[in-house]
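To start, the structure itself, in structure tokens.
Where a number appears in this text, it was derived from the coordinates with a stated rule and is not lab data. Fair warning: this is a prediction, and the values are worked out from it, not measured in the lab. Heads up, the Cβs are rebuilt from the backbone with ideal geometry, glycines too, and the neighbour counts pull from every protein chain shown.
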Amino acid sequence: MSGMVGASGRVLFYDSGIGGLSVLGAVRRRCPGLCFSYLFDHEGFPYGELTEREVVDRCVRNLTSMVSRDRFALVVVACNTASTVALPELRRCLDLPVVGVVPAVKPAARLSRLRRIGLLATHGTISRGYTQELISRFASGCEVISVGSARLVELAEAKLRGTVPDPGEISAEISPFLSPDGSPRVDVLVLGCTHFPFLAPEIGTILPGVRLLDSGDAIGRRVAGLLPQDAGCSEVAAGDRAHYVGEMPEQARSQYSGIFSGLGFVSCERFVP
């Protein structure tokens with residue numbers, strides 16, 4: 001990987017679902033002149049339930065194919081699970097910068113007054129050696145309560161498609177963060193999956209007074225730092241574009257198209273690697 005920022009002002013975001021839109025929003029606020037492409041692996045969703053090898057292979061296949069067909073300034077792997085295992089291989093395969101998302105353990109440990117923090121992520125992210133190394137390096141002085149949940153990923157995805165999440169189901173998923181009397185056991189909670197910021201209102205109601213942290217702003221700063229200050233999108237076919245991998249029922253296609261259209265995207269089409 002050359003490490004050189006590409007000539008295009010288009011940034012490619014990648015996730016198994018549309019949770020990465022939480023990161024894209026943070027980047028868009030810092031870099032409003034850019035164009036964005038968003039690629040999500042509907043066929044492989046959710047990545048937190050796949051093996052490491054499956055995640056790496058799917059990331060490499062989908063991203064190398066997409067990058068070979070368009071010009072991008074850089075790639076953002078807007079998925080904690082993928083970032084914990086696939087970044088080294090992607091950086092070997094792609095001749096442009098690749099930015100990953102990692103759980104905000106370091107700032108959480110710095111902000112916690114009780115020295116008890118929570119990490120809410122997918123099972124895959126929780127179990128990765130990379131995540132354990134983050135905790136060991138930056139939160140060794142804290143008690144860290146880690147909870148993995150695939151169901152919350154599904155609930156966040158469904159919420160974005162218009163389904164109101166069941167508060168009782170969310171409460172059951174995050175119950176390890178609650179004491180027997182219902183009070184929070186932690187004062188800072190790391191949302192270690194890019195889907196989870198979309199459930200922040202519901203989680204915040206269940207864990208009142210707990211500070212919720214995600215990596216969106218940090219990724220926004222990182223992308224802005226890698227691009228020239230005057231970076232913009234001057235392509236003839238400008239506009240934000242979404243793509244998905246795999247087959248999708250008509251109702252789901254309509255829902256996803258509505259989501260992206262509401263965010264200003266000009267299209268949402270199937271991508272075949």
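Quick notes
- Segment 1-96 shape via C-alpha gyration tensor axes, a/c threshold 1.5: oblate
- Per-residue Cβ neighbour counts within 10 Å put His195, His243 in the sequence His243, His195, beginning with the fewest.
- GNM result for the chain, Cα springs below 10 Å: residue of Ala150, Ala139, Ala172 fluctuating most strongly: Ala172
- Segment 29-43 residues near the modelled Arg270 label - backbone nitrogen below 20 Å, point 7 Å along Cα→Cβ: 38-43
- The magnitude of the dipole of segment 105-214, with charges of +1 and -1 set on the Cβ of Lys/Arg and Asp/Glu and taken from the Cα centre, is near 500 debye.
- Take every DSSP beta bridge whose two residues both sit in the chain; close to 5 percent of them are antiparallel.
- Size of electric dipole in the chain: Cβ of Lys, Arg +1 and of Asp, Glu -1, about Cα centre, debye, nearest 20: 900
- Dipole of segment 1-153 [Lys/Arg +1, Asp/Glu -1 at C-beta], most positive-end residue of Pro46, Leu63, Val75: Val75
- As a proxy for reagent exposure, Cys59, Cys93, Cys142 were ordered by neighbouring Cβ count within 10 angstrom, fewest first; the result is Cys93, Cys142, Cys59.
- In a fully extended conformation the segment linking Arg113 and Ser65 would gain 12.7 nm over its present Cα-Cα distance, using 0.36 nm per residue.
- For segment 134-273, the alpha-carbon radius of gyration amounts to 1.31 times the rule-of-thumb value 2.2 N^0.38 Å expected for a compact globular protein.
- Here the scattering of the chain is modelled by Debye summation over its C-alpha atoms, one equal scatterer each and no solvent; at q = 0.08, 0.12 Å⁻¹ the log10 of I(q)/I(0) is -0.31, -0.71.
- Amide H contacts for Val99 (H built 1.01 Å from N in the peptide plane; partners 5 or more residues away or on another chain; cut-off under 5 Å): Val75, Val76, Val77.
- A straight chain from Ala224 to Ser254 at 0.36 nm per residue would run longer than the Cα-Cα distance by 7.6 nm.
- Residue order, fewest to most surrounding Cβ atoms within 10 angstrom, among Leu120, Leu263: Leu263, Leu120
- For segment 105-214, alpha-carbon Rg over 2.2 N^0.38 Å: 1.01
- 0 to 90° range, to nearest 10: angle between helix 151-160 axis and the chain longest Cα axis: 50
- The residue among Val164, Leu114, Pro201 whose Cα reaches farthest toward the positive pole of the charge dipole of segment 105-214, with charges on the beta-carbon of Lys, Arg, Asp and Glu, is Leu114.
- Springs between Cα atoms under 10 Å define the GNM used for the chain, and in it the highest mean-square fluctuation of Val101, Val144, Val77 occurs at Val144.
- The packing ranking, built from the mean of other Cβ atoms within 10 Å per residue, places the peptides 164-171, 187-194 in the order 187-194, 164-171, highest first.
- Distance (nanometres) between label positions extended 7 Å along Cα→Cβ at Val164 and Ile145: 2.8
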